1. Nearest 0.05, what FRET efficiency do Lys222 and Lys302 give at R0 = 35 Å with Cβ-Cβ as r?
2. With θ set to phi - 60°, apply the Karplus curve 6.51 cos²θ - 1.76 cosθ + 1.60 along segment 191-198 and write out the HN-Hα couplings as whole Hz, x wherever there is a Gly or Pro.
3. Using DSSP, restrict attention to beta bridges with both residues in segment 155-223 and report what percent are antiparallel, rounded to the nearest 5.
4. Contour minus end-to-end for Ser270 and Gln168, with contour as 0.36 nm per residue of separation and end-to-end as the Cα-Cα distance?
5. Determine the dipole magnitude for segment 155-223: charges of +1 sit on the beta-carbon of Lys and Arg, -1 on that of Asp and Glu, nothing else is charged, the reference point is the Cα centre, and the result goes in debye to the nearest 20.
6. So what J values fall out for segment 133-148 if you push phi through Karplus, 6.51 cos²θ - 1.76 cosθ + 1.60 with θ = phi - 60°, rounded to Hz, Gly and Pro as x?
7. Over segment 155-223, what relative contact order in percent results from Cα pairs under 8 Å that are six or more residues apart?
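What follows draws every value from the coordinates through simple rules; no lab data is involved. Since this is a predicted model, take the numbers as computed values, not measurements. As a convention, Cβ positions derive from the backbone with ideal geometry for all residues, glycine included, and neighbour counts pool all protein chains shown.
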Amino acid sequence: MKLFSRLALLGLTVAILSAAYLYGRSYMAERWVTKEVANSSDMLANLPASDYIPLLEHVSNADFNIRDLSNTEHGDFRGMIIIGPEKHVLLSFFNSANIRAGSARTTIVLDRNLEHSLTTTTRTPLRVFRNYLLRREGYYTFLIDGSTSLVSFERHTSNEPATKGMIQELYESSSYYRYDEYALRNMNHARIGYIKAHVFLIDGRWIEVREDTDLNLSLPAKGQDDLSANQTASFLEVRAPDYDDEENSVLLNARNANITLDHFLKETYSEGRGAVIGAPTGGALAPAWSGQAYYTLEIDDKTIKFVWQHNFRVDTYLYASPATDIVLVASKVGRQYVLISTN
């Protein structure tokens with residue numbers, strides 16, 4: 001009996017010591033976090049914080065054009081391309097929630113000054129040829145004349161039904177050709193028809209031949225997509241600092257665009273965790289802070305100071321094109337996207 005009593009007392013002692021250790025560890029961690037937050041606030045006092053404005057609140061001025069494109073419906077940002085003779089910027093987004101509706105892909109095209117834009121949603125990626133923006137059912141001339149109206153393809157008419165010989169003749173005269181098959185759907189996304197279409201560009205005319213019978217000649221597509229011929233903007237991944245506030249200046253592109261972290265205001269700390277047993281990737285999470293980052297962005301000797309939210313392990317990306325002085329600041333937090341260009 002005495003043995004059991006001693007074992008019970010030993011177990012109770014171990015439990016008390018473990019609880020005390022965990023409490024002490026938690027207490028010290030909380031004191032450390034409190035101290036770090038206080039020190040970060042004190043360091044902010046040495047910065048002219050009034051010079052920094054949340055980027056989402058910035059407006060265009062004599063030096064910069066600024067356009068807030070934040071929208072949760074667009075989905076996740078997929079890429080930025082500078083295209084056309086006037087250096088338009090084309091942004092691609094993807095929202096998997098809209099796949100069934102046929103509007104999973106959103107493309108936003110803006111002019112050089114970020115004033116005028118075209119937004120279109122499609123099931124398949126937008127094509128571009130000779131500055132025509134091509135959908136399955138028509139095209140836009142936004143890159144040419146700024147129009148946002150969708151123009152239907154000219155339907156090829158003939159007294160005789162379409163034949164393989166007709167398709168071959170049009171193909172040989174065309175500078176662009178593609179063959180499409182796709183379903184027509186109503187507002188409830190139910191299929192109500194099916195389209196088989198040959199699309200040609202002949203002497204500046206976009207011509208479409210729809211077929212009732214199978215006239216697919218397996219002809220190779222004509223006309224290189226302008227998107228593949230243009231350089232995709234490179235991007236820089238910017239994460240919130242883990243523990244320090246050291247200045248971090250990085251060259252964004254060959255046009256001397258720099259982003260400098262002037263201060264990171266620490267607000268909330270996440271301890272992270274070790275690997276999870278059974279998780280295929282380990283599941284470990286590194287310690288991380290969330291808070292406000294104070295940045296200075298320099299493009300072509302012009303400077304803009306702004307504040308940007310960093311939430312724990314969610315990355316912020318800065319996209320920049322070597323062809324222009326356009327920079328995109330993108331974050332999955334709230335799906336926030338802001339375009340900046342110089343005047």
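1. After rounding, the FRET efficiency stands at 0.20.
2. Listing the rounded values in order: 6, 10, x, 9, 10, 10, 9, 9 Hz.
3. Restricted to segment 155-223, the bridges split so that about 95 percent are antiparallel.
4. 30.3 nm
5. 300
6. Karplus-based 3J(HN,Hα) across segment 133-148 equals 8, 9, 9, 5, 9, x, 8, 10, 10, 4, 5, 9, 10, x, 6, 9 Hz.
7. Rounded, it is 35 percent for segment 155-223.
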